[in-house]
Amino acid sequence: MNQHVDVLVVGAGPAGLCVAIEAARGGLRVSLIEATEVVGGTLHVSAGHLSAAGTRLQAERGIDDRPDLHLADVMEFGGGRADSTLVALAVDEAPKTIDWLGDQGFPFADEVPALYGGHRPYSRPRTYWGRDKGLSILEVLRRQLDELLVSGRVTLDLGTRMSRLLTNDGEVVGVQATAGRGQVPTRIHAGATVLACGGYGANPELFAELTPGSPRLVTNAMPASQGDGLVAAREIGAAVRGGELHTPRLGLLETIPGRADMWTAMLDLTPGSRDVCEIWVNADGERFVAEDCTDVTLLEHAVLRQPGAQFWVLLDSAGLARIGSPVRQWDVGRFVAEATAADGPIHVADTMAALAEQVGIDSGGLAQSVSRYNASTRSGSDPYGRAQFGGALDQPPFYAIRTPATVLCSFGGVVVDAQFRVTTADGTRIGGLYAVGEVLGMGATSGAAFCGGMSLTPALSFGRLLGRRLADAASAPALNTI
């Protein structure tokens, strides 16, 4: 089967939905294909965090903020390694995106804009989210998509996965895909092909290839995050960058092999917002960081340097009584019950030696670390610079929670210019091919850090901007700069 459309969008996540909506509203015939059976992509697992400076919500709350301040924070937090051109464009478009969501009746949470501490906090309150997390965004986009589907201006094919890009004389002219359980081959030809099919956070082989010294992959990404767009673009010469900027998320528990879910089992490790009663140790039983450090990025990269990119959170019964369950979604009874399970990530024992044997860490190293930490609680001086002490770890039973570095967003991606045109390593544009969303890699807009909202907000902003540009270029071909 062959189709011919003005714009083909591969991937119905936040970026792809925005491209399709704006291009169709601009008068173009749009085909939207999605490998899964639902639209929304990462919005189904995302906290839906957005960031923007200079919004109406900030003005209403008396918050003085500007995009240039947002730009400065992102470039600093990411170690200057983000693409400054894309970041500048993203922060300029971000307040328009937030205000647009407000115009659509988006249900902002009462506490936003906020200084969010789960990532390194910005210099101003500029983080936003909806009352139903990522699904709040999906509700807005789905409503607009449905109108265009009814009118026939967009066609949507679910369960349709791109297998390769089609080219003619070096230009991309569409894709070859397979559809349905029978894997029926189909070709879709288009004047413009947009890759918006997400990252590679659920593809262990590709993650290992693109992430130098990569740990074993433990992921919260959608299973469909296989890197299809990156692989297809690279096959025709597109440049790929940013995998070395990988930054993990901390606190998720590996409840099934290779998988973690922030909504069912996540430790509260947010700096500055909790009593710090535990210590963190690696496989050698050694502490490696001040557990009350307020620089989240420092903590994330410190964990990456540990054997296996994982650590164990240790606390005693006194600490548990003081803070309650360290897992946000569980009460103390559930936490204790999980600790007695034979095959879970949480362990309990009456002695540190027995605990070390259970979890497979060095007993001598652990004994030394606990002894030194307990001495620090008495002296008030810690070799790692910890300032907050929750008391010595000396009240059995003792608990150990195995905590791997986990993947939420992939940092490597295809290279694009300021018009989102995919390019080769020497900067040559690949005609007819564009990319937005996580296929660009979070490193492009965040650098070597998790900058709050700098994956989802650019996905929405860039998708909307590209959709409008494609429509404008089609209506004024003589002025076409896209």
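The values are calculated or read from the model by the stated rules, or taken from the named source; none is laboratory data. Model, not experiment: these values are computed from the prediction. Neighbour counts run over all protein chains shown; Cβ positions are idealised from the backbone, glycine included.
Taking the conditions (1) free of Cβ contacts under 8 Å to residues at least 12 places away in the same chain; (2) touching a Pro at 6+ places or on another chain (Cβ under 6 Å); (3) not hydroxyl-bearing (Ser, Thr, Tyr) in turn, Glu139 satisfies each one other than (2).
Of all the listed residues (Asp417, Asp426), the sole one being within 21 Å of Met75 (Cα to Cα), charged (D, E, K, R) and in the same structural domain as Val19 (by TED's automatic domain parsing) is Asp417. Annotation: of all residues in region 1-17 being of a type in the set (A, V, I, L, M, F, W, C) and in a loop (DSSP other than H, G, I, E, B), the one that is farthest from Pro185 (Cα to Cα) is Ala12.
When Glu244 is tested against (1) modelled with pLDDT under 95; (2) of a type outside the set (A, V, I, L, M); (3) in contact with a Pro (Cβ under 6 Å, 6 or more places away or on another chain), only condition (1) is not met. For region 257-271, which residues satisfy the criterion of being touching a strand residue (DSSP E or B) at 6+ places or on another chain (Cβ under 9 Å) and among the aromatic types (Phe, Trp, Tyr)? Selection gives nothing. Taking region 315-364 and the helices (runs of 4 or more DSSP H) fully enclosed by it, the elements with 1 or more residues that are touching a Cys at 6+ places or on another chain (Cβ under 7 Å) are at 317-323. At least 1 residues being in contact with a His (Cβ under 7 Å, 6 or more places away or on another chain) and either crowded, with 18+ Cβ neighbours inside 10 Å or not small (Gly, Ala, Ser) (or both) is the threshold, and among the strands (runs of 3 or more DSSP E) wholly inside region 392-482 those reaching it are 398-404. Taking the residues in region 72-130 that are in a loop (DSSP other than H, G, I, E, B), among the charged types (D, E, K, R) and more than 20 Å from the chain's Cα centre (by Cα) as candidates, determine which candidate is nearest to Thr457 (Cα to Cα). Applying the filter and picking the extreme gives Arg124. Is region 27-48 home to any residue that is among the hydrophobic types (A, V, I, L, M, F, W, C), assigned to a helix (DSSP H, G or I) and under 17 Å from Glu438 (Cβ atoms)? Yes, region 27-48 has at least one match.
From the list Val348, Val370, the lone residue that is assigned by TED's automatic domain parsing to the domain that holds Ala400, among the hydrophobic types (A, V, I, L, M, F, W, C) and free of Cβ contacts under 8 Å to residues at least 60 places away in the same chain is Val348. Among the residues of region 172-198, those identified as part of a strand (DSSP E or B) and either loosely packed, with under 14 Cβ neighbours inside 10 Å or touching a helix residue (DSSP H, G or I) at 6+ places or on another chain (Cβ under 7 Å) (or both) are Val184, Pro185, Ala192, Val194, Leu195.
Of Ala387, Ala448, Ala405, all but one fail to be out of contact with any strand residue (DSSP E or B) (no Cβ under 8 Å at 6 or more places or on another chain) and at pLDDT below 95; the exception is Ala387. The set of residues in region 291-307 that are of a type in the set (Val, Ile, Thr) and either part of a helix (DSSP H, G or I) or surrounded by 18 or more Cβ atoms within 10 Å (Cβ to Cβ) (or both) comprises Val296, Thr297, Val303.
For region 217-263, the set of residues classified as within 30 Å of Phe420 (Cβ to Cβ) and of a type in the set (Lys, Arg) consists of Arg234, Arg241, Arg249, listed by residue number. What's the total number of residues in region 226-248 that are under 23 Å from Val296 (Cβ atoms), small (Gly, Ala, Ser) and out of contact with any Lys or Arg (no Cβ under 9 Å at 6 or more places or on another chain)? The number of residues fulfilling the criteria is 1.
Condition check for Ala232 on (1) assigned to a loop (DSSP other than H, G, I, E, B); (2) closer than 20 Å to Met162 by Cβ; (3) more than 18 Å from the chain's Cα centre (by Cα): one failure, at (1). Taking residues in region 208-222 that are free of Cβ contacts under 8 Å to residues at least 40 places away in the same chain and more than 14 Å from Gly198 (Cα to Cα), and partners anywhere that are of a type in the set (S, T, N, Q) and not in a helix (DSSP H, G or I), the pairs with Cβ atoms closer than 9 Å and at least 6 places apart or on different chains are Ala208/Ser214.
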